[in-house]
Amino acid sequence: MNKLEEMLKDAFKPGTARGKFFFGLVFFLLALMFVVFGFWKTLFIALLTALGVFIGSAETIGKATAKLIDKIYPPRNQKVVYTQEDIEKVKKVAELKKSARAKAEPAAGAQSESGEEKEAKG
């Protein structure tokens with residue numbers, strides 16, 4: 001079973017031999033559908049297929065429908081609660097950005113000065 005999984009992963013990876021064949025076949029079928037059915041009918045088939053995959057990936061139809069409705073119309077006025085861990089992560093990222101800017105500013109200033117010195121000499 002592990003070998004089959006590797007083959008499937010390899011099939012979906014662009015640049016590999018199986019990936020080239022897979023994507024070539026998929027786009028050939030898509031082009032064939034455009035020729036046979038037309039743009040709008042092909043788009044309709046693709047949308048219904050995507051909807052079926054979305055519903056089929058959920059545990060129950062009720063959960064899938066609720067998830068779909070929440071994606072299309074997100075709940076409004078919903079209170080967002082942040083944990084202390086979330087706040088600490090945001091603070092760490094802000095500190096890292098601040099220190100990166102502090103390191104970059106002197107280096108940028110030194111480069112601009114050397115460029116101005118070259119112009120003055122030339």
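Taken together, the values in this text are just the output of simple stated rules run on the coordinates, not laboratory data. Predicted, not measured: the structure shown is a model, and the values here were computed from it. We place every Cβ from the backbone using ideal geometry, glycine too, and count neighbours over all the protein chains shown.
Enumerate the lysines that LYS98 could reach by cross-link, defined here as Cα to Cα under 30 Å, with residues fewer than 8 away along the same chain left out.
Partners found: LYS79, LYS89.
What's the magnitude of the charge dipole for the chain around its Cα centre, counting Lys and Arg as +1 and Asp and Glu as -1 at the beta-carbon? Answer in Debye, nearest 20.
Values: 20 positive and 14 negative charges, 72 e Å.
That gives the chain a dipole magnitude of about 340 debye.
Once a ≥ b ≥ c are taken as the square roots of the eigenvalues of the Cα gyration tensor of the stretch 2-72, is the result rounded (a/c under 1.5), prolate (a/b larger than b/c) or oblate (a/b not larger than b/c)?
On the way: a/c = 3.28, a/b = 1.24, b/c = 2.65.
It comes out oblate by the Cα gyration axes.
THR65 versus VAL35, label points 7 Å from Cα toward the beta carbon: distance in nm?
Each label point lies 7 Å from its Cα, and together they span 4.1 nm.
Quick one: of LYS41/LYS71; LYS63/LYS97; LYS13/LYS71; LYS9/LYS67; LYS9/LYS71, which pairs are farther than 30 Å apart, Cα to Cα? Walk me through the intermediate numbers first.
Values: LYS41/LYS71 25 Å; LYS63/LYS97 40 Å; LYS13/LYS71 28 Å; LYS9/LYS67 28 Å; LYS9/LYS71 28 Å.
Those over the limit are LYS63/LYS97.
With angles folded into 0 to 90 degrees, how steeply does helix 2-11 sit against the dominant principal axis of the chain? Use alpha carbons for both and round to 10.
Helix 2-11 sits roughly 70 degrees off the main axis of the chain.
In a Gaussian network model over the chain where Cα atoms closer than 10 Å are linked, find which of LEU47, LEU96, LEU68 has the largest mean-square fluctuation.
Among LEU47, LEU96, LEU68, the largest mean-square fluctuation in the Gaussian network model of the chain belongs to LEU96.
Can you tell me the mean projection area, over all orientations, of the convex hull of the chain's alpha carbons? Units nm², please. Don't skip to the end; give the middle numbers.
Numbers: hull surface 73.8 nm².
That works out to 18.5 nm².
For ILE72 and ARG101, calculate 0.36 nm times their separation in residues minus their Cα-Cα distance, and state this gained length in nm to one decimal.
Values: separation 29, 0.36 × 29 = 10.44 nm, distance 3.83 nm.
This chain segment gains 6.6 nm when fully extended.
For the pair LYS91 and PHE27, how long in nm is the line joining their label points, each one 7 Å along Cα→Cβ?
For LYS91 paired with PHE27, the spin-label model returns 5.0 nm.
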